[in-house]
Structures are given as C-alpha cells and as structure tokens.
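Peer 1: Structure in structure tokens, see below.
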Amino acid sequence: MKDPFKKKNWKLELWSWTKTFMVVFIIAVMIRGFMFTNYVVYGQSMMPTINDGERIIVNKIGYEISQPNRFDLIIFHATEDTDYIKRVIGLPGDKIRYEEDTLYINDDPHDEEFLNQFREEQDSGFLTDDFTLEDITGELTVPEGHIFVLGDNRQNSIDSRQIGFVPMEQIVGRANMAYWPIQALRIF
C-alpha cells in the first residue's frame, strides 16, 4: 500500500526547491544588473595592470553614493557602443601636468606606484611624455562634473589626452577585481 504523504512530501519538497532557485536567480539578476557587472578588457592600454582578454568585475553602485577617487580604475562610456577602462588622474578643479615622467597635480609631485612594474620592464625613455592640461585641452583645470583619465600603458592608450575630459555621468563604475584567467585573480 502506497503512502499518500510520501507523494505529497515529494511535491512539497520540489516546490520548495523551485521557489528557492527562483529567488536566488532573481537576486542574482538584480545584483548583476544594478550593483555589479563583468567586463572583458580588450587592448593593451592598461598593461601591465590589466592585460588584454582579462575579465574584471565592476562595482556599478559605488559612484552613486560617492565620487571617484584619484587613481581609481574606472569603466566609462567612451562612445554609444564602446566602454573604456582607464585610471582617474585628475578630479574637478585639479591642475595636471607631466614633466620628466613625473605627475604633478596642483604643482605637487605624485608617485604612481602602479607604474613601477612597467617602468622596470621599459628600457628606454619615459612612460609619459611631457604635457600640461592647458596644452592638450585648452583648460587650466579639470572642469566641474568631469575627470581626467589615462591608461597605464601611456605610450599605447587612447585617453583624456585624445578624447578630453570624461563627464561623471558617463562613468559605469569602479573596477574591483580581475577574476579570469584564474591565475591572474586579484583585487584592485
């Protein structure tokens, strides 16, 4: 004789698991859509910090509650269908210049430790050619509501030196970590 409770228990258990998976799926979609997303990096403009083909996770909500910090790695909409990853160098009101491979912000020199590995690998010359903000943009300082960005591979990067200032509203988010390939796993 069959036990009717076993059949009911099996169906209740299946329904319970189905509801659990649906809730987890909905939460995952919300997190991915509103809080975090992943990107594949194409190109060499951020080498050696981030290499071509690496996959990164981007925090999309951080800048909804705060402003970018100097030296953050950010993703922004460069065109309608192209996003770039670059490093924040200048914040609103900053006066920027490079002189003999040294970054000056508001006339104070700043060490860019993230470039040390690249400097060691480079045998010749400077990583960053001399320039002033006024020379390349016509502005003395970074305008309000904008940032100035550079790629870490300064000799091979399309960045604010070519495209100008990045409006804050074009920022997608801050790169938090590289997760693929697995041996390159690291937090920024």
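Peer 1: Shape call for segment 123-188 from the C-alpha gyration tensor, a ≥ b ≥ c root eigenvalues: rounded (a/c under 1.5), prolate (a/b greater than b/c) or oblate? Before the final figure, lay out the partial values.
Peer 2: Values: a/c = 3.35, a/b = 1.36, b/c = 2.47.
Taking the square roots of the gyration eigenvalues as a ≥ b ≥ c, segment 123-188 is oblate.
Peer 1: In percent, how large is the relative contact order of the chain, given Cα pairs closer than 8 Å and 6 or more residues apart?
Peer 2: 25
Peer 1: Another question, if that's okay. Once amide H atoms are placed 1.01 Å from N in the peptide plane, what residues at a sequence separation of 5 or more from Lys60, or on another chain, have their amide H within under 5 Å of its amide H?
Peer 2: Phe36, Thr37
Peer 1: Go through (i) -0.38, -0.63; (ii) -0.58, -0.97; (iii) -0.49, -0.72 and flag the label whose value is the computed log10 I(q)/I(0) by the Debye sum over Cα atoms at q = 0.10, 0.13 Å⁻¹ for this structure.
Peer 2: (iii)
Peer 1: What residue among Met22, Met47, Met168 has the largest mean-square fluctuation in a Gaussian network model of the chain, using Cα springs under 10 Å?
Peer 2: Met22
Peer 1: Quick check: net charge around Lys86, other residues with Cβ under 12 Å of its Cβ, Lys/Arg +1 and Asp/Glu -1? Present the calculation step by step, with values, prior to reporting the outcome.
Peer 2: Numbers: positive: Arg87, Arg154, Arg161, Arg174; negative: Asp72, Asp83, Asp152, Asp159.
Spelling it out: positives minus negatives among the neighbours equals 0.
Peer 1: Near Lys11, which aspartates and glutamates are there with a Cα under 20 Å away, not counting those fewer than 8 places off in the same chain?
Peer 2: The qualifying aspartates and glutamates are Asp3.
Values in this text are rule-based calculations from the coordinates and carry no lab data. Fair warning: this is a prediction, and the values are worked out from it, not measured in the lab. Backbone-built Cβ (ideal geometry, glycine too); neighbour counts: all protein chains shown.
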